[in-house]
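Written out below as structure tokens is the structure these notes cover.
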Amino acid sequence: AIGVMRERKVPRPTYVLTRGVYDSHGEQVEAETPAMLPNFPADEPRNRLGLAHWLVQPDHPLTARVTVNRYWQMLFGKGLVRTPEDFGLQGDPPTHPQLLDWLARDFMASGWDVRELLRKLALSATYRQTGVVSLEQRGKDPDNRWLARGPNQRLSAEMIRDNALAVSGLLVDQVGGPPAKPYDLELAYNSLVADKGDGLYRRSLYTFWKRSSPTPVMMTMNAGTREVCKVQREVASSPLQALVMMNGAQFIEASRVLAQRLVREHDADASAIAGEAFRLLTSREPTTRELEVLVALYQEQHEVFEQQTEHAAELLQVGAAEPADDLDTARLAATTVLVNSIMNLDECVRHK
């Protein structure tokens, strides 16, 4: 599509091109909406503004439904219409048509309030169900078409990175501004240099992006390129994803910053450190067995870093945030490994 700077005072004549030949004009045609949809209002201008008004008319059957379906898909992994790219006859019919109709009508009545819609979905009994199911139940409904369990799919690439930054306290919530250039852009584009300061910790929404080449972290986590519009990402699991989350500068730094806070609050109390780190990252308390495993990991790493002080110092230098000089190096390094290990748990990277 070509951008339009302004509308012509006199519309240019448009013709059906015979056999697609650009200079072989057939019947002259005018801009019109599909006959199966509501009529275009007679009092609206036949331009982009009029089209925008037509799309959000109260009796328009598509706009609100498509929008609601996209947000349902974002939270549940699959939309009520399982083919978000095709709402036509060749697509899947909605699994719950009355629910889709109700949500669409409620969305319009709220003044197209996206925040209210997301709140309603997230607080619903359907979303708050457990994602853990028996083999028998999964066998009866493997794709969860009947919503008998909660969502269980990996967060998007942007959400995973933003969640790590938010829990650590590094995330910068500034709205708008120039594109941000985190660490991995230096690896992706040779001519670019990573930002200093806040630019490293902006939300992933603001990350500098070339149309055909996402940043390495986003690409590894299944973000698509922007050469074509994709309304649903393909999600695949690979060892590279764990490699990025356990070794990427952004994730190591976020783990260290959170570790500094935990060590200051709990000093050498490994059980308290492990318990709070687990709660912050998974939103639940660890079981007794989980806590035992985490404490054992912390103690093991602490012994290693006490003997290999140079490795501890090297780990604590990852990232631009200044490391804490007033904390025990081995203890801080061990806590960093502990936090990063929890950050890589399935519960931390999935809706569940």
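Computed values, structure above
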| read-out | value |
| --- | --- |
| Mean separation of Cα contacts under 8 Å, 6 or more apart, over the residue count of segment 182-336: relative contact order % | 20 |
| For segment 45-200: relative contact order, % (alpha-carbon pairs under 8 angstrom, 6 or more apart) | 14 |
| Lysines whose Cα lies under 27 Å from that of Lys140, excluding same-chain neighbours fewer than 8 positions away | Lys78, Lys352 |
| Distant-in-sequence amide H partners of Ser213 (H built 1.01 Å from N, under 5 Å) | Arg226 |
| Overall dimensions of segment 264-352 as given by Cα atoms, namely Rg and Dmax in Å | 13.3, 39 |
| Packing-based ranking, highest mean first, of 82-90, 179-187, 14-22 given that Cβ atoms within 10 Å are counted | 179-187, 82-90, 14-22 |
| Gain on full stretching of the segment that runs from Asp267 to Gln153 - 0.36 nm per residue minus C-alpha separation | 37.5 nm |
| Tail weight of P(r) past 15 Å, computed on alpha-carbon pairs of segment 249-288, percent | 42 |
| Sulfur and carbon atoms: percent of accessible area, the chain [1.4 Å] | 54 |
| Label zone at Leu89 (point 7 Å along Cα-to-Cβ), backbone N below 15 Å, segment 31-46 | 35-37 |
| Packing-based order for 342-350, 188-196, using average beta carbon neighbours within 10 Å, highest first | 342-350, 188-196 |
| Nearest-0.05 FRET efficiency for Val132 and Ala296, computed from C-beta distance (R0 30 Å) | 0.75 |
| Cα pair count fraction exceeding 33 Å, expressed as % - the chain | 46 |
| Cut-off under 5 Å, modelled amide H: who pairs with Leu155 long-range | Arg350, His351 |
| Cα-centred dipole magnitude for the chain, charges only on beta-carbon of K, R (+1) and D, E (-1), debye, nearest 20 | 1440 |
| Under the Karplus curve 6.51 cos²θ - 1.76 cosθ + 1.60, θ = phi - 60°, whole-Hz ³J(HN,Hα) for segment 282-296, x wherever Gly or Pro sits | 10, 6, 8, 7, x, 6, 4, 5, 4, 5, 4, 5, 5, 5, 4 |
| Accessible solvent surface per residue of the chain, calculated while the other protein chains remain in place, 1.4 angstrom probe, Å² | 60 |
| Euclidean distance between Cα centres, segment 1-43 to segment 137-163, Å | 43 |
| Paramagnetic reach from Lys120 in segment 81-99 [backbone N under 18 Å; point 7 Å along Cα→Cβ] | 81, 95-99 |
| Segment 217-263: C-alpha gyration tensor shape, a/c 1.5 cut-off, then a/b vs b/c | prolate |
| Potential extension, Trp146-Gln28 segment - 0.36 nm per residue separation minus Cα distance | 37.6 nm |
| Segment 78-197: Cα Rg divided by the 2.2 N^0.38 Å rule of thumb | 1.46 |
| Difference of contour (0.36 nm per residue) and Cα-Cα distance, Val10 to Ala52 | 13.1 nm |
| Reachable lysines from Lys181, criterion Cα separation under 27 angstrom, eight or more residues apart if same chain | Lys196, Lys210, Lys230 |
| For segment 1-121, alpha-carbon Rg relative to the globular expectation (2.2 N^0.38 Å, N residues) | 1.34 |
| Listed residues Ala64, Asn152, Ser341: farthest to the positive end of the dipole of the chain (Cβ charges) | Ala64 |
| Using alpha carbons only: equivalent-ellipsoid semi-axes of segment 122-265, gyration tensor based, whole Å | 31, 21, 15 |
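The values are calculated or read from the model by the stated rules, or taken from the named source; none is laboratory data. In this text the structure is predicted, and so the values were computed from the model without any measurement. Counting neighbours? That spans all protein chains shown, and the Cβs are built from the backbone with ideal geometry, glycine included. What goes into the accessible areas is simple: the full protein's heavy atoms, side chains included, and nothing from ligands, DNA or RNA. Shrake-Rupley method; radii C 1.70, N 1.55, O 1.52, S 1.80 Å.
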